[in-house]
Amino acid sequence: MAFSDAVKDSPVAEINITPLVDVMLVLLVIFMITMPILAQPVDATLPQVARPDSVEPPPSLRLQVNDAGDYLLDGRVYAADALWQRFEEAAAEDPRTALRVSATSAADYQHVVTALAEARERGLRNIAVQP
């Protein structure tokens, strides 16, 4: 009776890692050659930054429009004409003056739009609308 070896007759299913080892060795050689080049310092004189002594933030005004349509500038109630005059004065004092506008949820937004248009017309350019 003849016995056959099952392992001998089956195809070999091994992964050939020789190309992988070749590629890794080539990469290792490339990195070994380039690392000394990258490690050399480069002489560079960088320009110095001229810093101002102090930077002051622009002045800020806070305008609130309430439910009744009243204008409150920094907590004081203003009539419309007096408020427009205050906008002109603030823009003349410092053109960078910031105006932060907010309104209550029940306020008529026509008053807000009017205030924004007048502020822009009177010379205020830094205007923000806040919720």
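No value in this document is a laboratory result; all are computed from the given coordinates. Since the structure is predicted, the reported quantities are computational estimates derived from the model, not experimental observations. Note that each Cβ is placed from the backbone with ideal geometry, even for glycine, and that neighbours are counted across all protein chains shown.
Within segment 115-131, identify whether any single residue is among the aliphatic types (A, V, I, L, M), touching a Phe, Trp or Tyr at 6+ places or on another chain (Cβ under 7 Å) and in a loop (DSSP other than H, G, I, E, B), and answer yes or no. Please lay out each step first, then the result.
At the first step, the residues of segment 115-131 found to be among the aliphatic types (A, V, I, L, M) are 115-117, 119, 124, 127-129.
So of that shortlist, the ones also touching a Phe, Trp or Tyr at 6+ places or on another chain (Cβ under 7 Å) come out as 115, 119, 124.
Filter once more, keeping what is in a loop (DSSP other than H, G, I, E, B): 124.
Within segment 115-131 (the criterion being among the aliphatic types (A, V, I, L, M), touching a Phe, Trp or Tyr at 6+ places or on another chain (Cβ under 7 Å) and in a loop (DSSP other than H, G, I, E, B)), the answer is yes, since at least one residue qualifies.
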Seminar exercise, completed: Matching residues in segment 100-114 (more than 29 Å from the chain's Cα centre (by Cα) and part of a helix (DSSP H, G or I)) number 4
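Of the residues Pro59, Pro47, only one is under 36 Å from the mean Cα position of the chain (by Cα), surrounded by fewer than 14 Cβ atoms within 10 Å (Cβ to Cβ) and in contact (Cβ under 8 Å) with a residue 24 or more places away in the chain; which?
Working: Pro47 fails: in contact (Cβ under 8 Å) with a residue 24 or more places away in the chain.
Among Pro59, Pro47, only Pro59 is under 36 Å from the mean Cα position of the chain (by Cα), surrounded by fewer than 14 Cβ atoms within 10 Å (Cβ to Cβ) and in contact (Cβ under 8 Å) with a residue 24 or more places away in the chain.
Quick check: anything in segment 45-61 in contact with a Leu (Cβ under 6 Å, 6 or more places away or on another chain) and not basic (Lys, Arg)? So that I can check it myself, show each step before the final result.
Filtering segment 45-61 for residues in contact with a Leu (Cβ under 6 Å, 6 or more places away or on another chain) gives 61.
Narrowing the set further to residues that are not basic (Lys, Arg) leaves 61.
Yes.
Tell me, which residue of segment 62-73 that is under 34 Å from the mean Cα position of the chain (by Cα), within 17 Å of Glu118 (Cα to Cα) and touching a residue at least 12 places away in the same chain (Cβ under 8 Å) is surrounded by the fewest Cβ atoms within 10 Å (Cβ to Cβ)?
We begin by selecting, within segment 62-73, every residue under 34 Å from the mean Cα position of the chain (by Cα); these are 62-66, 71-73.
Adding the requirement that they be within 17 Å of Glu118 (Cα to Cα) leaves 62-65, 71-73.
Checking which are touching a residue at least 12 places away in the same chain (Cβ under 8 Å) leaves us with 62-65, 71, 73.
Values: Arg62: 14, Leu63: 24, Gln64: 20, Val65: 22, Tyr71: 22, Leu73: 18.
Once the filter is applied, the top-ranked residue is Arg62.
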For this session: Find the residue count for segment 93-131, including only residues that are surrounded by fewer than 12 Cβ atoms within 10 Å (Cβ to Cβ), under 17 Å from Tyr78 (Cβ atoms) and small (Gly, Ala, Ser).
Result: 1
